[in-house]
1. Relative to the longest principal axis of the chain, what angle (0 to 90°, nearest 10) does the C-alpha long axis of helix 187-203 take?
2. Relative to the longest principal axis of the chain, what angle (0 to 90°, nearest 10) does the C-alpha long axis of helix 15-27 take?
3. If you average the sequence gap of Cα pairs under 8 Å that are 6 or more apart and divide by the length of segment 115-252, what percent do you get for the contact order?
4. Give the carbon-plus-sulfur fraction of the accessible surface of the chain in %, rounded to a whole number; probe 1.4 Å, heavy atoms of protein chains only.
5. Over the chain, what is the mean sequence separation of C-alpha contacts under 8 Å (at least six apart), divided by residue count, expressed as relative contact order in percent?
6. Roughly what percent of Cα-Cα pairs across segment 2-165 reach past 21 Å?
7. Sequence neighbours fewer than 8 away in the same chain don't count; with that in mind, list the aspartates and glutamates whose C-alpha is under 17 Å from residue 170.
8. Keeping all protein chains in position, work out how much accessible area residue 125 exposes to a 1.4 Å probe, and write it in Å² to the nearest 10.
Amino acid sequence: MLEKIRVVLVNTSHPGNIGGAARAMKNMGLSRLVLVDPQDFPSSEAVARASGAVDILDGAHIVGTLEEALVGCSLVLGTSARDRHIPWPLLDPRECATASLQQVEQGGEVALVFGREYAGLTNEELQRCQFHVHIPSDPEFSSLNLATAVQVLTYEVRMAWLAQQGQPTKMAKLETNGEQASLPVTADELELFYGHLESTLVQIGFHDPSNPRHLMSRLRRLYGRSNISKLEMNILRGILTETQKAARGEAHKRRDV
Ligand code: SAH
């Protein structure tokens, strides 16, 4: 799906930026890079900045004109750091990502077009784009580095794509006790815990069932807010068990956890 979205860099002067853009793309799962008349490419500086994304550089399609770069695209989005004279339909990066994925879903291909480091895209080039995309930077200092602008847009594409795939945007949990441990506790497990907690509190003299003063309700409310996992419940139950043993005066035997 993401292979239907190409990144087009127009007339880039610094090869390092081409490498940086390739790296940004690969990080976000995009692979198609098109270079329109790059000023200095191939180059060792591009390779150095690409860091492990040399495959994207090797696979880059080099063309002479923007027109050639856009062949096959049904949606063309041109990025711009500043306001242009002619008002044009404008999207922010998030809207750009949503529109791009929608287009791909409908069977189309998309181009995200980026301009020259010193001059951006010309008006003529911008007019080849259905939408303009502006990263809402500080108007006093609105121009991002080219590769950074590529990163922002491809990040938004990835976020939208992950959401569309129903995939998590957070890293898998690093629980060592396996998936089971991070599952939430069930109502019956919580009831057993509240019973254990109450008997422990009575045992250590903190809770007097003949004068309860809403203690257990308040504790239920507290734990109820906590979305406790099975692992955390085991810890709490362990603490209660050890507290009971200590209250009975049993020698404390530290378990290795
Ligand atoms: N002086 C140029 C800046 C070019 S920066 C100008 O005024 O247009 C190089 C490229 O990075 C731009 O052509 C655009 O593709 C991208 N870029 C930089 N800042 C951006 C921003 N705030 N929003 C969208 N794209 C941006």
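The values are calculated or read from the model by the stated rules, or taken from the named source; none is laboratory data. Keep in mind it's a predicted model, so treat the numbers as computed, not measured. Using ideal geometry, Cβ is built from the backbone for each residue, glycine included, and neighbour counts are taken over all protein chains shown. These accessible areas exclude ligands, DNA and RNA; they are computed on the full protein's heavy atoms, side chains included. Shrake-Rupley method; radii C 1.70, N 1.55, O 1.52, S 1.80 Å.
1. Result, in degrees: 40.
2. The answer is roughly 40 degrees.
3. Rounded, it is 21 percent for segment 115-252.
4. Roughly 53 percent of what the probe reaches on the chain is carbon or sulfur.
5. So the answer I get is 19 percent.
6. Result for the distance tail: 40 percent.
7. Leaving aside aspartates and glutamates fewer than 8 places away in the same chain, those within reach of residue 170 are 156, 179.
8. Number for this one is 30 Å².
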